[in-house]
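Have a look at the structure below before the remarks.
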Amino acid sequence: MSDVTLRAAVPADVPALEALIAASARALGRGFYTDAETEAAITHVFGVDSALVADGSYFVAEVDGALAGCGGWSARRTLFGGDRFAGREDDWLDPATDAARIRAFFVAPAFARRGVGRAILTACEEAARAAGFRTAALMATLPGVPFYAASGYVAGGGSVFHDCGGIRVRFVPMTRPLLQ
């Protein structure tokens, strides 16, 4: 999709991004998660990470002025989860030894499978590579696994189950070399 434009998210974008994230999780997670798992993940894990917004590494994707998706990368230790996620670690990674984090990708249902995620991922990988990272790591949602696998990411270590308010939600850790 050639008409995807990207820009860095700003704090004023957060309410619209939170709504997009919830809508994306509910629509694109069908068949992968139960409704209870989806709602638990929205409540406890999914959402905007304000550290990425502050760092300028969280992107808003627009198509003809419409909000189409969001996602980012990070040089901070936290692997996944928005501001509501309790397991955050905001210390900095070492690009020589650590993997950059690919974070919080969500696409508006109307724009799914139209290149929005790919445009964001390409921008994130290029930025991480420019910052000196040689590897990228992420925690994929189940509907995200095929997308990331098609982009060269490999699942490692099986699934991870995260307790979201008493409901176990499954995620898949994945990595990919960032060739220089």
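Evaluated at q = 0.12, 0.18, 0.19 Å⁻¹, a Debye calculation over the C-alpha positions of the range 55-142 (equal weights, vacuum) places log10 I(q)/I(0) at -0.36, -0.78, -0.85.
Relative contact order of the chain: 23 percent, from C-alpha pairs under 8 Å at least 6 residues apart in sequence.
Each peptide in 57-67, 10-20 receives the mean, over its residues, of other Cβ atoms within 10 Å, and ordering these scores from highest gives 57-67, 10-20.
Dimensions of the chain from C-alpha coordinates, computed as largest minus smallest value along each principal axis and given longest first, are 41, 39, 30 Å. Spatial offset of the range 88-135 relative to the range 139-171 amounts to 15 Å, using the alpha carbon center of each.
Dividing the summed helix terms, -39500 (n - 2.57) for each DSSP H run of n ≥ 4, by the number of residues in the chain produces a 222 nm estimate of -8500 deg cm²/dmol to the nearest 500. Translational diffusion of the range 1-106 was estimated from the Stokes-Einstein equation, with Rh taken as the Kirkwood radius over Cα pairs; at 20 °C and 1.002 mPa s the coefficient is 149 µm²/s.
Taking other Cβ atoms within 10 Å as a rough exposure proxy, 124, 70, 164 sort from fewest to most as 164, 124, 70.
Think of the range 4-133 as a dipole: +1 on every Lys or Arg Cβ, -1 on every Asp or Glu Cβ, centred on the Cα centre; then among 52, 116, 38, 116 lies furthest on the positive end.
We did not get these values from a lab; they are worked out from the coordinates using the rules stated. Since the structure is predicted, the reported quantities are computational estimates derived from the model, not experimental observations. In this analysis, Cβ positions are derived from the backbone assuming ideal geometry, glycine residues included, and neighbour counts consider all displayed protein chains.
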